[in-house]
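Read through the structure below, which is laid out as structure tokens, and then see the notes.
Every read-out reported here was derived from the displayed coordinates using simple, explicitly stated rules and does not represent laboratory data. This one's a predicted model, so the numbers in the text were calculated from it and none came from an experiment. So basically every Cβ, Gly included, is an ideal-geometry build from the backbone, and we count neighbours across all protein chains shown.
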Amino acid sequence: MSAVYMWFMKKAIARMAEQGSRQLLYAALAGAGSEDDKFRGAYISATQISEVSDFVLESHELQDKLWAGVVDILGEVYPRIDEIVKKYLLNG
């Protein structure tokens, strides 16, 4: 059962590395050099601006918890992470 499920999910949503890199580049460079800010902070899917889900808009507590976890893990690898986060990302 799980093999069939994984096969289906790969066919439905998986991308080759080249296709995924195109998405990343498009999201990073779309609208670069223009006065149009429609791409700034937008959710990009298949080279189109898409509406984000309600879960993303309403899950601030989860986002904060995930961010704190990422900073903790990175802090174990690179001790200056806490200092960098406080200085540059928390307007500290």
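Dipole of the stretch 1-54 computed with +1 at Lys/Arg Cβ and -1 at Asp/Glu Cβ about the Cα centre; of Ser53, Ser2, Ser21, farthest Cα towards the positive end is Ser2.
If you run the Gaussian network model on the chain, springs between alpha carbon atoms under 10 Å, then out of Ala14, Ala30, Ala46 the most flexible one is Ala14.
Which log10 I(q)/I(0) values does the stretch 16-66 give at q = 0.21, 0.25, 0.31 Å⁻¹ under the Debye formula, counting every alpha carbon as one identical point scatterer? Evaluating at q = 0.21, 0.25, 0.31 Å⁻¹ gives log10 I(q)/I(0) of -0.86, -0.96, -1.08. Can you bin the chain into rounded, prolate or oblate? Criterion: square roots of the alpha carbon gyration tensor eigenvalues sorted a ≥ b ≥ c, rounded for a/c under 1.5, prolate for a/b above b/c, oblate for the rest. Oblate. I want to verify a result. In a Gaussian network model of the chain, Cα cutoff 10 Å, which of these has the top mean-square fluctuation: Gln63, Gln48, Gln23? Highest fluctuation among the options: Gln63. In this calculation the C-beta distance from Ala14 to Leu57 is compared with R0 = 25 Å, giving a FRET efficiency of 0.45. Among Tyr26, Tyr43, Tyr78, which one moves the most in a GNM of the chain with springs linking Cα atoms closer than 10 Å? For the chain, modelled as a Gaussian network with Cα springs under 10 Å, the answer is Tyr78. When the helices of the chain are scored as -39500 (n - 2.57) per DSSP H run of n ≥ 4 and the total is divided over every residue, the value at 222 nm lands at -17000 deg cm²/dmol.
Listed by chain and number, the lysines whose alpha-carbon sits under 24 Å from that of Lys86, ignoring those within fewer than 8 places in the same chain, are Lys65. Taking 26 Å as the straight-line reach from the Cα of Lys10, none of the lysines fall in range once those fewer than 8 positions away in the same chain are excluded. Between Ala32 and Met6, the C-beta separation translates, for a Förster distance of 41 Å, into a calculated FRET efficiency of about 0.65.
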